[in-house]
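Engineer: Just passing along the structure, written as structure tokens.
The values are calculated or read from the model by the stated rules, or taken from the named source; none is laboratory data. Remember, it's a predicted structure, so these values are computed and weren't measured experimentally. Heads up, the Cβs are rebuilt from the backbone with ideal geometry, glycines too, and the neighbour counts pull from every protein chain shown. The accessibility values were calculated without ligands, DNA or RNA, using every heavy atom of the protein model including side chains. Shrake-Rupley method; radii C 1.70, N 1.55, O 1.52, S 1.80 Å.
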Amino acid sequence: MAIRGDRFDGNAYVRDAVGKGAVGAIVSDPALTRAAELAETPLLVVPETIAALQTLANRVRRDSGAAVVAGKYPVVSRNW
């Protein structure tokens, strides 16, 4: 997930990540799809990678069926 921030751009590290074994990436820089060294790497180009990560996380949480509990203190469930 190539996240872009105020002082960094994750898109700049995609080539290194693939070189170290990453098998794909979600990026916001369409120029990466034209890079010869990434020709065999699946790249999903989105306008905003943080928004894509939030959407993906929301979908996974929703599909998991897990209950969401929000509060100040952690809740421990025990089956006695």
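Engineer: Please go through the range 27-70 and pick out each residue that is farther than 15 Å from Met1 by Cα, in contact (Cβ under 8 Å) with a residue 12 or more places away in the chain, open to solvent by 70 Å² or more (accessible area, probe 1.4 Å) and of a type in the set (A, V, I, L, M, F, W, C).
Structural biologist: none
Engineer: So which of Ala22, Ala2, Ala57, Ala52 is of a type outside the set (Lys, Arg), within 13 Å of the chain's Cα centre (by Cα) and modelled with pLDDT under 95? Reasoning before the result, please.
Structural biologist: Details: Ala22 fails: modelled with pLDDT under 95; Ala2 fails: modelled with pLDDT under 95; Ala52 fails: modelled with pLDDT under 95.
The unique qualifying residue is Ala57.
Engineer: Being free of Cβ contacts under 8 Å to residues at least 24 places away in the same chain and part of a loop (DSSP other than H, G, I, E, B): is that true of Val23 here? Let's see the steps before the verdict.
Structural biologist: On the way: free of Cβ contacts under 8 Å to residues at least 24 places away in the same chain: yes; part of a loop (DSSP other than H, G, I, E, B): yes.
When the stated conditions are applied, Val23 passes them.
Engineer: Take the conditions open to solvent by 50 Å² or more (accessible area, probe 1.4 Å) and assigned to a helix (DSSP H, G or I) and apply them to Ala12. Does it pass? Before the answer, list the steps.
Structural biologist: Working: open to solvent by 50 Å² or more (accessible area, probe 1.4 Å): yes; assigned to a helix (DSSP H, G or I): yes.
Against the criterion (open to solvent by 50 Å² or more (accessible area, probe 1.4 Å) and assigned to a helix (DSSP H, G or I)), Ala12 qualifies.
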